[in-house]
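Only one structure is covered here, and it is reproduced in the block below.
Every number here is computed from the coordinates shown, using simple stated rules; none is lab data. The model shown is predicted, which means the values in this text are computed figures rather than measured ones. Every residue, glycine as well, gets a Cβ built from its backbone with ideal geometry; the counts of neighbours run over all protein chains shown.
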Amino acid sequence: MKTKSTLLFTCLFFLFSNLITAQKDIKIDLDALKFFNSYLSNKSLIDDRKTELIFDKYSNALNYSSTVLMYENPTTEKDIYYKSNVTYPIPLNNIERIVEDIYQDGETVVMQYVFYLDKEVKRIIEKKEKGEWLDKTETNVNKVFFPIAIHLDNEEVKNIQKVVRDVFSNVDIETILEKKR
């Protein structure tokens, strides 16, 4: 009788441990991620932002990297006045939830994704002005975020929402929509 209960306990242990592990096992759709990256970089009158998420299968994380350039003369883009680099990992097994913030004021739509993590990651911010490094800050955070390119129409917003759900297929995503007129 004791061996039956031990066997039953062992089977239940493996069943529940597999269920818990499966909930945290996030698979990445690389095609969806490539499409999503196209919305992370943008060029405006005041700056040029190059941003991407790169999947690292060895650490099972998305590595975020963003470079913002502001030029002395935005028309010629000849002399860089200001530059900033931001990098941090998003460990896929540590994502608790994602908040999708959408702000719409008339025709202008701004989107931002906020990742809540169950452990801290190192975020590095480096700033340079007129060729001289201003500072480099390293902070440990359990919440990271990034904006999406602005000047989106409703169809693009729907595409981004769909692709984010494809990229993060088994993560809870909460949408917060704020409209102004």
Point to revise | Hydrodynamic radius of the range 61-126 per Kirkwood, over alpha carbon pairs, in Å | key: 14.6 Å
Practice item. Taking a cut-off of 20 Å between Cα atoms, list the aspartates and glutamates near residue 122, but don't count ones fewer than 8 places away on the same chain. Key: 52, 56, 96, 135, 138
Practice item. Calculate the tail of P(r) for the range 28-181: the fraction of all Cα-Cα distances greater than 19 Å, expressed in %. Key: 58 percent
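Compute the signed sum of charges (Lys and Arg +1, Asp and Glu -1) over the other residues within less than 11 Å, Cβ to Cβ, of residue 63.
Details: positive: none; negative: 52, 56.
Value of the local net charge: -2.
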Check your understanding: Do any of 43/130; 50/162; 43/180; 83/180 go past 28 Å between their Cα atoms, and which?
Key -> 83/180
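Considering every pair of different Cα atoms, what Kirkwood radius, in Å, is found for the range 121-181?
Numbers: mean 1/r = 0.0655 Å⁻¹.
Over the range 121-181, the inverse of the mean reciprocal pair distance is 15.3 Å.
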